[in-house]
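None of the figures in this text is laboratory data; all of them are computed from the coordinates on show. Small disclaimer: the values here were computed from a predicted structure and weren't measured. As a convention, Cβ positions derive from the backbone with ideal geometry for all residues, glycine included, and neighbour counts pool all protein chains shown.
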Amino acid sequence: MMYDNNAAANVKAGIDKINFYTPNHYLNLVDLAKVRGVDPNKYLIGIGQSKMSVAALDQDIVAMAANAAEPMLSAEDRQQIGLLIVATESGIDQSKAAALFMQDLLKLTGNLRAIEIKEACYGATAGIQLACDYVRSHPGRKALVIASDIARYGLDTPGEVTQGAGAVAMLITSNPAILAIEPESIYESRSTGDFWRPNYSTVAFARGKFSEEIYVSMFEEVWGKAQRQGMANPETLQALLFHIPFSKMGRKGLRTLGNGKIAEADYTRLTERFERSIVYGKEVGNIYTGSIYLALLSLLENDESLKVGDRIGLYSYGSGSVAELYFGTLQPGYRQRLDAQAHRDLLDHRERLSMPEYEAMFSAQLVTDGSEQDLGRSDHSEAATHYLTGIKDHERQYR
């Protein structure tokens, strides 16, 4: 049987299920501002963040990814997943893909491809596009894409306020229940030095202003191309989502469409819906690869005016740098796939850390000298059924 590329392109593909997990500890940024001698409004308004999740050692990117995916997968899903992708820039091994740990923890079959993708915060978008191509050519199979990251810049550094931790899991299928993703998109890559983390460092390095400039200029580039190709007519867009390492960054991208560049009614609509897309991110912080998909979930669960058939644009950006603008349409029954109450409970039931507790949790590290280490469990809630128990014989041990 020969492969029919045209037939595959006509298969609807996209997000069928989506869920997120964030650790059960957070730091209030007013507390951070007071100790760092900063006006709290610099964080609350200037950066646009209010809290940030803080991960204990037992909630690494593998544990968080498993906790994000576990609640949404049925027995049938586990049998039908043929492609498993973990996108992260907080990888735990230089060789073995985090997806292989997922296969074991989530009790998936062996009949699948399991890979890890890295390209800063863009990785999950690359994973979704690969997954859509996969299900278009294998309509009876499903793909699981999980974005999981811990953003670390160091204590008392300029980037400290834009840290965070969490994971977003998405099941990609043909005939999806939430968002059908259009096969055509606009993307661009440039080799830049705006953000990086060398192998020897546990924290990232960034040229903040330069990174913002690249982020905005690449958005303007892909938006312009999309307009010239008839893909980005503002009148057809009900919402435009952005990668949001902090909410002010996405707002800067959106503002490039202001000052009469698009109709005032369209700009107002996109701005109002942008505000609903950052509700979760303002409380979780930067989760790198998952940030734009946390924005998607935030929009869907905090905007009652959206309706089936609405078209949404998504601007994904990863430093270094890769950008992509793509589009999707809300599907019938998408609201039945959401669980806003569970996600609100997840955020509301976290424990607020004092500054000494935060600094101690942030400073704790796994051993790197080959010795063994046992870890306690930091989250005993039903949301955190998976956790790292320690290191033995140079291998991470999960339960």
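With 25 Å as the cut-off, how large is the P(r) tail for segment 101-221, expressed as percent of Cα-Cα pairs?
39 percent
Is it possible to state the helix-based mean residue ellipticity at 222 nm for the chain, with each DSSP H run of 4+ residues giving -39500 (n - 2.57), the sum divided by total residues, to the nearest 500 deg cm²/dmol? What is it? Could the numbers behind the result be given before it?
On the way: 13 runs with 129 residues, N = 399.
Dividing the helical sum by the residues of the chain leaves -9500 deg cm²/dmol.
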- Query: Looking only at segment 252-294, which residues have a backbone nitrogen under 14 Å from a spot 7 Å from the Cα of Glu213 in the C-beta direction?
  - Reply: none
- Quote to one decimal, in nm, the extra length available between Ile115 and Leu338 on full extension: 0.36 nm per residue of separation minus the C-alpha distance between them. 77.6 nm
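Where both partners of a DSSP beta bridge lie in the chain, what percent of those bridges are antiparallel, to the nearest 5? Please list the in-between numbers first.
Numbers: 46 of 64 bridges.
Roughly 70 percent of the beta bridges in the chain run antiparallel, per DSSP.
Summing Lys, Arg as +1 and Asp, Glu as -1, what charge do residues with Cβ under 14 Å from the Cβ of Ser74 carry, Ser74 excluded? Before the final figure, lay out the partial values.
Details: positive: Lys17, Arg78, Lys107, Lys142, Arg337; negative: Asp16, Glu70, Glu76, Asp77.
It works out to a net charge of +1.
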- Can you tell which of Gln341, Gln79, Gln59 shows the greatest fluctuation in a Gaussian network model of the chain with Cα springs below 10 Å? Gln341
- Task: Provide the FRET efficiency to the nearest 0.05 for the Glu275-Thr389 pair, computing r from the beta carbons and using R0 = 41 Å.
- Result: 0.50
- Task: Please work out the Cα center distance from segment 34-73 to segment 220-252, rounded to the nearest Å.
- Result: 25 Å
- How high is the FRET efficiency from Asp39 to Met355, r the C-beta distance, R0 22 Å, rounded to 0.05? 0.85
- Note on the structure: Largest fluctuation, Ser174, Ser291, Ser201 only, Gaussian network model of the chain with Cα springs under 10 angstrom, belongs to Ser201
- Task: Give the dimensionless ratio obtained when the Cα radius of gyration of segment 163-261 is divided by 2.2 N^0.38 Å.
- Result: 1.30
- In nm, to one decimal, how far is the modelled label at Arg228 from the one at Glu76, with both set 7 Å along Cα→Cβ? 4.6 nm
- the chain: C-alpha pair distances exceeding 28 Å, %: 43 percent
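Between Asp93 and Lys261, what FRET efficiency comes out of the Förster formula 1/(1 + (r/R0)^6) with R0 = 41 Å and r the beta carbon distance, rounded to 0.05?
Values: r = 45 Å, r/R0 = 1.11.
So, using R0 = 41 Å, E works out to roughly 0.35.
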- Quick one: if you stick a label point 7 Å off each Cα along the C-beta vector at Asp345 and Lys252, how many nm between them? 3.9 nm
- Task: Measure out, as a whole number of angstrom, how far apart the alpha-carbon centroids of segment 381-399 and segment 261-317 sit.
- Result: 33 Å
- Message: Give me a comma-separated list of calculated 3J(HN,Hα) values for segment 73-88, in order, Karplus coefficients 6.51, -1.76, 1.60 applied at θ = phi - 60°, integers in Hz, x for any Gly or Pro.
- Response: 8, 8, 4, 5, 4, 4, 6, 9, 6, x, 9, 10, 10, 10, 9, 7
- Directionally averaged projected area (convex hull, Cα atoms, segment 182-335), nm²: 9.6 nm²
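Can you tell me which of 389-395, 212-218, 18-24 comes out highest on packing, and rank the rest after it, using the mean Cβ neighbours within 10 Å?
Details: 389-395: 12.9, 212-218: 18.6, 18-24: 26.6.
With the highest mean Cβ count within 10 Å placed first, the list reads 18-24, 212-218, 389-395.
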